[in-house]
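Enquirer: First the structure, which I've put down as structure tokens, then a few questions once you've had a look.
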Amino acid sequence: MTRRILAVLLSSVAAGPALAGSAAQPGQTIGLPVGAQLPVGLYFVNTSSFGIRDTLPRDSESNVNLPTFAWATPWNILDARLQFFVTQPVAASSARGAPYNSGIGQTLLAAQLAWNLGNDIGVSYLFGGYLPIETQFLTQSASLSHRFAISYTGNDLNITANMLYGVFLDTRSPSGTLYPDYINLDLTMTKKFGKWQVGPVAFASTDLPTGVASYRPQGQIAVGGLVGYNFGPVNLQAYVTRDVVERNYGGHETRGWLRAIVPLYQDKSEAAPNRTTVTRRQSQ
């Protein structure tokens, strides 16, 4: 499920050579038990966020929307459930008070294998790719996305760690922007109280070495809190994060997130009741 965030914003915010962020937006999988198997079905998930970064002389703003279709199939491969994801990002940003730019981002196509290890523990591996796109606003080069997740969903908890490793196929855009490979880590620890879900969250991101001496690698660590509520047909989550560490982004960012999870079709015999996140009923 995912996409980029501040490629053009970052190239404007930081001085020196053109910079680019990770293809997958850091923090975008917070709140989701992505290591666990989904109940068989088709889902629509939209994660929207708005961030303000403390840059000078004016703040920089960005909005990222990540509409995603997820299909949990009834098929198993190597004892893992096969699941597919399609994400079409839409983003807008204003660097240091400049007029907003907006555009369609790179489509993500991905497949995931999710294993139920028993005792409410699940692990998953997602492999996908961001398709190349011709745009002067967002990341253009194709990249591969590997994601490794582990989730514990027993006792009304969602404890999840999801590591995202991205590899660009072309290290520079036609305009010369450098695209470094990256690692992101999204962390969730929430507790369900009836239809409510609350708890702390965090994420971190870092560029990997590029071999270019003039490049200044970017990174950040952000922490925050999440609240979710199950309205029945729609599950909503909201969380706020704030950078506690940043490197070469030009300033710390505060970002608000809102997610809607809509089961378009779901095998009710598998779905755990009253979940603010979509997880299987654990019978093992």
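Enquirer: Determine which member of the set 13, 40, 45, 34 is at pLDDT below 95, among the β-branched types (Val, Ile, Thr) and in contact with a strand residue (DSSP E or B) (Cβ under 9 Å, 6 or more places away or on another chain). Talk me through it step by step, then tell me what you get.
Expert: On the way: 40 fails: at pLDDT below 95; 45 fails: at pLDDT below 95; 34 fails: at pLDDT below 95.
Being at pLDDT below 95, among the β-branched types (Val, Ile, Thr) and in contact with a strand residue (DSSP E or B) (Cβ under 9 Å, 6 or more places away or on another chain) holds for just one of 13, 40, 45, 34, which is 13.
Enquirer: Right, next: Starting from the stretch 216-233, take each residue that is within 16 Å of residue 197 (Cα to Cα) and list its partners that are surrounded by fewer than 22 Cβ atoms within 10 Å (Cβ to Cβ) and of a type in the set (D, E, K, R), counting only C-beta distances under 7 angstrom and pairs at least six apart or across chains.
Expert: Short answer, once both residue conditions are applied: 224/242; 229/195; 230/195.
Enquirer: Continuing with this model, one more query. Inspect the stretch 116-136 for any residue being of a type outside the set (Lys, Arg), closer than 30 Å to residue 59 by Cα, outside any strand (DSSP E or B) and touching a strand residue (DSSP E or B) at 6+ places or on another chain (Cβ under 7 Å) and give the result as yes or no.
Expert: Within the stretch 116-136 (the criterion being of a type outside the set (Lys, Arg), closer than 30 Å to residue 59 by Cα, outside any strand (DSSP E or B) and touching a strand residue (DSSP E or B) at 6+ places or on another chain (Cβ under 7 Å)), the answer is yes, since at least one residue qualifies.
Enquirer: Exactly one condition in (1) farther than 20 Å from residue 264 by Cα; (2) surrounded by 18 or more Cβ atoms within 10 Å (Cβ to Cβ) is false for residue 41; which is it?
Expert: Unmet condition: (1).
Enquirer: So, one more: Could you go through the stretch 49-67 and let me know if any residue there is open to solvent by 60 Å² or more (accessible area, probe 1.4 Å) and polar (S, T, N, Q).
Expert: no
Enquirer: If you go through the stretch 61-110, how many residues are part of a strand (DSSP E or B) and closer than 29 Å to residue 51 by Cα?
Expert: Adding up the residues that qualify gives 26.
Enquirer: Pairs only if they're at least six apart or on different chains, beta carbon under 6 angstrom, first in the stretch 146-168 and within 30 Å of residue 178 (Cα to Cα), second surrounded by fewer than 23 Cβ atoms within 10 Å (Cβ to Cβ) and at pLDDT below 95; list them, first residue then second.
Expert: 168/141
Enquirer: Something else: Considering only residues of the stretch 112-139 that are within 15 Å of residue 150 (Cα to Cα) and among the small types (Gly, Ala, Ser), which is surrounded by the fewest Cβ atoms within 10 Å (Cβ to Cβ)?
Expert: That would be 118.
Enquirer: Please find, within the stretch 113-139, the residue that is farthest from the chain's Cα centre (by Cα) out of those that are under 17 Å from residue 73 (Cα atoms) and hydrophobic (A, V, I, L, M, F, W, C).
Expert: Only one residue tops the list, namely 115.
Enquirer: Now a separate question. Which numbered condition trips up residue 141, out of (1) among the hydroxyl-bearing types (Ser, Thr, Tyr); (2) part of a strand (DSSP E or B); (3) at pLDDT below 95?
Expert: Failed condition: (2).
Enquirer: Looking only at the stretch 210-246, count every residue that is among the hydroxyl-bearing types (Ser, Thr, Tyr) and not in a strand (DSSP E or B) and tell me the total.
Expert: Total meeting the criteria: 3.
Conditions tested, residue by residue: (1) closer than 22 Å to residue 144 by Cβ; (2) surrounded by fewer than 15 Cβ atoms within 10 Å (Cβ to Cβ).
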{"position": "162", "(1), (2)": "yes, no"}
{"position": "174", "(1), (2)": "yes, yes"}
{"position": "193", "(1), (2)": "no, yes"}
{"position": "201", "(1), (2)": "no, no"}
{"position": "211", "(1), (2)": "yes, yes"}
{"position": "217", "(1), (2)": "yes, no"}
{"position": "239", "(1), (2)": "no, no"}
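Enquirer: Here is a follow-up. Identify, from the list 98, 91, 110, 70, the residue that is at pLDDT below 95 and within 15 Å of the chain's Cα centre (by Cα).
Expert: Working: 98 fails: within 15 Å of the chain's Cα centre (by Cα); 110 fails: at pLDDT below 95; 70 fails: at pLDDT below 95.
Going through 98, 91, 110, 70 in turn, the sole match is 91.
Enquirer: Of the residues 142, 149, only one is open to solvent by less than 30 Å² (accessible area, probe 1.4 Å), closer than 26 Å to residue 245 by Cα, under 22 Å from the mean Cα position of the chain (by Cα) and among the aliphatic types (A, V, I, L, M); which? If you could, list the steps in order and put the result at the bottom.
Expert: Details: 142 fails: closer than 26 Å to residue 245 by Cα.
Unique residue meeting the criteria: 149.
Enquirer: While we're here: Quick check on residue 220: is it in contact with a Gly (Cβ under 6 Å, 6 or more places away or on another chain) and not hydrophobic (A, V, I, L, M, F, W, C)? So that I can check it myself, show each step before the final result.
Expert: Numbers: in contact with a Gly (Cβ under 6 Å, 6 or more places away or on another chain): no; not hydrophobic (A, V, I, L, M, F, W, C): yes.
Taking the combined requirement at face value, the residue does not satisfy it.
Enquirer: Quick check: is even one residue across the stretch 258-269 among the acidic types (Asp, Glu), over 19 Å from residue 161 (Cβ atoms), open to solvent by 30 Å² or more (accessible area, probe 1.4 Å) and assigned to a loop (DSSP other than H, G, I, E, B)?
Expert: To start, the set of residues in the stretch 258-269 that are among the acidic types (Asp, Glu) comprises 267.
If we keep only those that are over 19 Å from residue 161 (Cβ atoms) as well, we get 267.
If we keep only those that are open to solvent by 30 Å² or more (accessible area, probe 1.4 Å) too, we end up with 267.
Imposing the further condition that a residue be assigned to a loop (DSSP other than H, G, I, E, B) reduces the set to 267.
Yes, the stretch 258-269 contains a residue that is among the acidic types (Asp, Glu), over 19 Å from residue 161 (Cβ atoms), open to solvent by 30 Å² or more (accessible area, probe 1.4 Å) and assigned to a loop (DSSP other than H, G, I, E, B).
Enquirer: Same structure, new question: State all residues of the stretch 214-232 that are at pLDDT below 95, more than 26 Å from residue 261 (Cβ to Cβ) and of a type in the set (Gly, Ala, Ser); if no residue qualifies, say none.
Expert: 214
The values are calculated or read from the model by the stated rules, or taken from the named source; none is laboratory data. Everything numeric in this text was worked out from a predicted model, so none of it was measured. For neighbour counting, all protein chains shown are included, and Cβ atoms are generated from backbone atoms with ideal geometry for every residue, glycine included. Heads up: the accessible areas ignore ligands, DNA and RNA and are worked out on the full protein's heavy atoms, side chains in. Shrake-Rupley method; radii C 1.70, N 1.55, O 1.52, S 1.80 Å.
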